[in-house]
Amino acid sequence: MSKDVERANEEPRTHLTSVALGRPPAAEVDAGTDIVLTIKVACPYGCDLRGRVINVIAPDGAVVAGSGLANFADNANETTEFAFTAPDEVGEYSWTLVFPKHEAEGVVHEEGSLPITVKTLAHDTSLAVWGVPSPIVIDHPFRVHVGATCSAGCDLKGKEIEICDETGASIARGKLGESPWDGTRALYWTEVDVVAPAREGATSRSIRFAPTELRLPHGGASARFGFETVKPPQYSVTVKVVQKDAGTPVEDAQVRLGVYFACSDQTGLARVATAQGTYSLDVLKTGYEALSRVLDVNGDVTVEVEVAIIPPENPDAYWLFDPTKRI
Ligand SMILES: [Zn+2]
Ligand SMILES: [Zn+2]
């Protein structure tokens with residue numbers, strides 16, 4: 001009897017515990033990256049619970065992380081900052097932070113728990129295409145470089161990329177290589193062979209991660225690239241570039257015939273293989289007046305063009321020429 005009275009005057013032998021967040025986790029994190037937090041545990045009697053471990057428990061009961069209560073201040077215990085890894089897939093996930101029931105020195109601390117929810121996000125990913133030749137002969141194969149990089153710095157080697165036509169149908173695939181492009185932190189890349197469409201004109205293609213990779217948080221990224229397709233060249237056009245009045249050959253002049261392109265050699269000759277048609281023939285070289293004329297090509301042809309040196313006070317004349325202009 002007296003023992004019961006004594007006990008009534010003591011603190012209760014069972015203490016409830018409350019679990020709270022010290023540093024709350026971010027509401028949204030990149031999929032597969034760290035969720036960082038600290039957890040606080042307290043009982044109404046302000047017990048020092050340092051050394052006790054608090055667990056992060058997944059809905060299936062698995063313990064995904066644990067951290068010891070390390071600090072005790074103002075009658076509350078707190079873990080240091082710790083992290084566990086968010087799932088690789090995009091979605092909303094919940095865990096329960098559990099302080100397990102434990103007994104020490106005749107005092108029972110009851111289990112305390114707190115649910116947390118974190119959303120995982122797709123990574124900010126970009127795809128790029130470079131080294132696209134243009135023009136490309138219709139129905140002919142060509143090769144492009146494709147690369148992908150992720151803001152979370154993911155290792156993307158071996159991930160499959162596909163190239164799609166205007167309808168979204170896959171026309172080529174490639175796997176990103178082992179190591180990032182020189183001078184970049186994480187631009188994983190590969191070369192992909194593509195076949196040009198069987199019709200002339202401007203075409204665009206898109207790239208994206210292959211559907212097999214859509215489980216990744218990178219699936220949403222895409223990029224486009226364009227090129228021009230032309231009929232196969234049938235004829236050879238030889239352009240001899242000479243200096244006006246002097247008649248001397250002009251070397252290293254850019255000679256453009258529509259979308260075709262060549263440079264003059266030391267004898268002033270530039271040879272361009274081209275299909276039948278009417279073209280804008282443009283010749284340009286720094287320090288010379290740009291020349292533009294129309295040329296009908298119905299067979300192999302040689303033309304001589306004279307270019308005049310421009311006065312030094314107009315050195316920008318070169319840039320007034322628009323090489324994209326086409327007849
Ligand atoms: Zn207590
Ligand atoms: Zn990533």
Label K157 and T80 with points 7 Å out from Cα along Cα→Cβ: what is the distance between them in nm? 3.3 nm
Looking at the chain from every direction and averaging, what is the projected area of its Cα convex hull in nm²? 27.0 nm²
Using the Cα atoms of the range 171-275 to build a convex hull, what is its mean projected area in square nanometres? 10.7 nm²
If you rank I54, I171 by fewest surrounding Cβ atoms within 10 Å, what's the result? I171, I54
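How much of the DSSP beta bridge set in the range 235-320 is antiparallel, as a percent to the nearest 5? Display every interim value, and only then the final one.
Working: 23 of 30 bridges.
In the range 235-320, approximately 75 percent of DSSP beta bridges are antiparallel ones.
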Take each of the peptides 278-284, 128-134, 299-305, 191-197, average the number of other beta-carbon atoms within 10 Å over its residues, and list them starting from the highest. 278-284, 191-197, 128-134, 299-305
For the range 2-121, what is the convex hull volume of the alpha-carbon atoms per residue, in Å³? 95 Å³
Calculated P(r) of the range 235-320 - Cα pairs past 20 Å, %: 29 percent
For the chain: lysine pairs under 23 Å (alpha-carbon distance), excluding those fewer than 8 apart on one chain: 9
Would you mind calculating the gained length between E191 and T14 on full extension (0.36 nm times residue separation, minus the Cα-Cα distance), in nm to one decimal? 57.0 nm
Lone cysteines in the chain, defined as no other cysteine's Cβ under 4.7 Å from theirs: which are they? C43, C47, C164, C263
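In debye, nearest 20: dipole of the range 2-121 around its Cα centre with unit charges on the Cβ of K, R (+) and D, E (-)?
Working: 9 positive and 19 negative charges, 47 e Å.
Approximately 220 debye in magnitude.
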Based on the alpha-carbon gyration tensor of the range 46-183, what equivalent-ellipsoid semi-axes (square roots of 5 times the eigenvalues) come out, in whole Å, largest first? 54, 15, 11
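Using +1 on the beta carbon of Lys and Arg, -1 on that of Asp and Glu, and nothing else charged, what's the dipole of the chain about the Cα centre, debye to 20?
560 debye
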Coil-residue chymotrypsin sites (Phe, Trp or Tyr not before Pro) of the range 45-99, DSSP, other Cβ within 10 Å capped at 14: Y45
Test item: Cα-centred dipole of the range 235-320, Lys/Arg +1 and Asp/Glu -1 on Cβ, debye: 220 debye
Of the convex hull enclosing the alpha-carbon atoms of the range 117-195, the direction-averaged projected area in nm² is 6.9 nm²
Give me the distance between the Cα centres of the range 50-64 and the range 267-285, rounded to whole Å. 74 Å
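Rank the residues T238, T38 as a footprinting-exposure proxy: fewest other Cβ atoms within 10 Å of their Cβ go first. Write out the running numbers ahead of the final one.
Numbers: T238 15, T38 18.
Ascending number of Cβ neighbours within 10 Å: T238, T38.
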Rounded Å value of the spacing that divides the Cα centres of the range 178-251 and the range 100-142: 32 Å
Can you give the % of DSSP beta bridges in the chain that are antiparallel, to the nearest 5? 85 percent
Proxy exposure order for D139, D60 (fewest C-beta within 10 Å first) is D60, D139
Within the range 235-264, find all residues whose amide N lies under 19 Å from a label point positioned 7 Å from the Cα of R271 along Cα-to-beta-carbon. 235-242, 249-258, 260-264
What's the FRET efficiency of E200 with A128 using the Cβ-Cβ distance as r and R₀ = 35 Å, to the nearest 0.05? 0.85
If R0 = 45 Å, then C263 and W181, at their Cβ-Cβ distance, give a FRET efficiency to the nearest 0.05 of 0.95
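Taken together, the values in this text are just the output of simple stated rules run on the coordinates, not laboratory data. As the structure is a computational prediction, the values presented were derived from the model and not from experiment. Note: ideal-geometry Cβ built from the backbone for every residue, glycine included; neighbour counts use all protein chains shown.
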